[in-house]
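Step one of this worksheet: look at the structure below.
The values are calculated or read from the model by the stated rules, or taken from the named source; none is laboratory data. Note that the coordinates shown come from a computational prediction; the quantities given were computed from them, not determined experimentally. FYI the Cβ positions are ideal-geometry reconstructions off the backbone, even for glycines, and counts take in every protein chain you see. Keep in mind that these areas ignore ligands, DNA and RNA; they rest on the heavy atoms of the full protein, side chains included. Shrake-Rupley method; radii C 1.70, N 1.55, O 1.52, S 1.80 Å.
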Amino acid sequence: TLSIMASPVLASGQVTGAVVLTMDVTEREQREKLRREFSANVSHELKTPLTSISGFAELMSQGLVPPEKVKEFSSDICRECARLTSLVEDIIDLSRLDEGGEGMEWEEVELYSLCTSVLQSLEQVARKQKVMLHLEGVEKTVHGVRQVLHEMVYNLCDNAIKYNRTGGSVSVRVEGCGRGCRICVADTGIGIPYDHQSRVFERFYRVDKSHSRAIGGTGLGLSIVKHAAALHGAQIDLQSQPGAGTTITVTFPEQ
Ligand code: ADP
């Protein structure tokens, strides 16, 4: 930004110089505001399951839970612990990505087998939801960070299953495009309302908070996808029709 702003400085002196400074401060303030919002969200999201866990545990330790309810309370505690774990994992992933992939190992990653392994790890979840998984396409290799690419495809497929309908399907496709390549994840699920589509990649943004929470979302999945794609210079395209399904395509540049 500064180098673009440098030419008007030369042309019209001090006044334009002041504009450069204002933009710099505004940008910094904006970043700081986002950081504060993120911290506030993180605290809130971490506190909610912790409050439930300590509440349940306290009642149990005081012997206030009738024996027939102990199983139910224990499984509530397990569920909240699982939510905390995925939140913490997502926050760690995001903060590593925020550091711009520093210290990560870059290698040649073959996308078709990466997608195969992601779908294998989601087989059980899909079976439970009665969602069919398909993979098609060709072998394509990109220079990237395997774990980050895995996380990216995993989050896309996990959402495609979570926000699907019983008997629906998820199709993953790896294909070439020009001298680059792309991964498309298409589902036959609930879709994303048009007025939410531009916001779902924001941190902690969920279309329906209570629904996402009930099906186990942290609100960070697509934000991790966005950062993971950016790290690899890839573009994301979202096409979604409410009630019919969503297709998210990640396009990698020429290798
Ligand atoms: P979450 O952990 O809540 O799934 P994400 O960041 O992965 O968070 O997604 C943000 C929101 O976008 C979700 O809460 C959901 O409302 C919507 N969403 C994401 N993927 C899909 C999809 N494939 N179909 C419908 N809605 C989706």
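Listed values, structure above:
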{"quantity": "Pick from the stretch 230-255, criterion surrounded by 14 or more Cβ atoms within 10 Å (Cβ to Cβ) and hydrophobic (A, V, I, L, M, F, W, C), ranking: farthest from the ligand (Cβ to nearest atom)", "calculated": "PHE252"}
{"quantity": "In the stretch 130-153, residue farthest from the ligand (Cβ to nearest atom) [restricted to those that are in a helix (DSSP H, G or I) and open to solvent by 70 Å² or more (accessible area, probe 1.4 Å)]", "calculated": "ARG146"}
{"quantity": "Residues of the stretch 118-129 that turn out to be surrounded by 14 or more Cβ atoms within 10 Å (Cβ to Cβ) and in a helix (DSSP H, G or I), as a count", "calculated": "5"}
{"quantity": "VAL131 over 29 Å from LEU94 (Cβ atoms) and aliphatic (A, V, I, L, M)", "calculated": "no"}
{"quantity": "Candidates ILE161, ILE92, filtered to the one that is more than 24 Å from GLY243 (Cα to Cα), without any contact (Cβ under 8 Å) to a residue 60 or more places away in the chain and not in a loop (DSSP other than H, G, I, E, B)", "calculated": "ILE92"}
{"quantity": "When residues of the stretch 171-229 are limited to those that are within 22 Å of GLN147 (Cβ to Cβ), part of a loop (DSSP other than H, G, I, E, B) and open to solvent by less than 20 Å² (accessible area, probe 1.4 Å), the one nearest to the ligand (Cβ to nearest atom)", "calculated": "GLY217"}
